[in-house]
Amino acid sequence: MAAKESTMLGLGTAAPDFELTDVVSHRTVRLDSFTHKGLLVMFLCRHCPYVQHIGQGLAALATDYAGTELDIVAISSNDASLYPDDGPDGLRLMARELGFWFSYCYDETQQVAKAYQAACTPDFFLFDASRKLVYRGQFDDARPGNGVPVTGRDLRAAIDAALLGRAVGAQQKPSIGCNIKWKPGNAPVYHS
């Protein structure tokens, strides 16, 4: 299982706009669809063992923040022709299995992943009320096989700070997971 780290997009970066379809509700989802104090954009997929490892913890985090000032959207950008579980049908099943209440979108063109400089699954981007990036990093220290409990500690601390209007600490560890499965010839080159 080869691990890829997130790109650690610059803090303060404005949230890139997007327009995608929620695979569950079939509604169009745009950046301006979200109006709460915080916005968590997550790049996930169904087949990745790193995402599977934190799946229940991620569902618990979403449940804990339901009804708060946090909006959440999940996006899968993997090439579904090579990874069919990561296409709309598989994502819909994943959302139902884990009880996701938030939108789960499929980024078929992979342009949204490129705009966010997403590199792996899972990859987390937390934006404040002005839609400036305040956190990009790991869920917590848990990885498949390392024995560390899945708590979401790092992401939860960032969300709590953002919702209270407090600064999120700049010491942020990159997320680690499977690389995004780019379509042939579509892989971006990110520059730090």
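Every number in this text was worked out from the coordinates using simple rules, so none of it is lab data. Remember, predicted model here, so these are calculated numbers, not experimental data. Note that we place each Cβ from the backbone using ideal geometry, even for glycine, and neighbour counts take in every protein chain shown.
Results, tabulated for the structure shown:
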quantity: Any hit, the stretch 155-163, residues being assigned to a loop (DSSP other than H, G, I, E, B), within 19 Å of the chain's Cα centre (by Cα) and either crowded, with 16+ Cβ neighbours inside 10 Å or of a type in the set (G, A, S) (or both); calculated: no
quantity: Count of the stretch 128-151 residues which are in a loop (DSSP other than H, G, I, E, B) and surrounded by fewer than 22 Cβ atoms within 10 Å (Cβ to Cβ); calculated: 16
quantity: Elements of type helices (runs of 4 or more DSSP H) contained in the stretch 25-127, each with 2 or more residues being surrounded by 20 or more Cβ atoms within 10 Å (Cβ to Cβ), touching a residue at least 60 places away in the same chain (Cβ under 8 Å) and touching an Asp or Glu at 6+ places or on another chain (Cβ under 7 Å); calculated: none
quantity: Condition check for L9: assigned to a loop (DSSP other than H, G, I, E, B), touching a residue at least 60 places away in the same chain (Cβ under 8 Å), over 17 Å from D89 (Cα atoms) and in contact with a helix residue (DSSP H, G or I) (Cβ under 9 Å, 6 or more places away or on another chain); calculated: yes
quantity: Subset of the stretch 20-57 (residues that are closer than 26 Å to G99 by Cβ and of a type in the set (D, E)); calculated: D22
quantity: Residues satisfying the stated conditions in the stretch 12-45, i.e. touching a helix residue (DSSP H, G or I) at 6+ places or on another chain (Cβ under 6 Å) and more than 16 Å from A118 (Cβ to Cβ); calculated: V23, V24, K37, G38
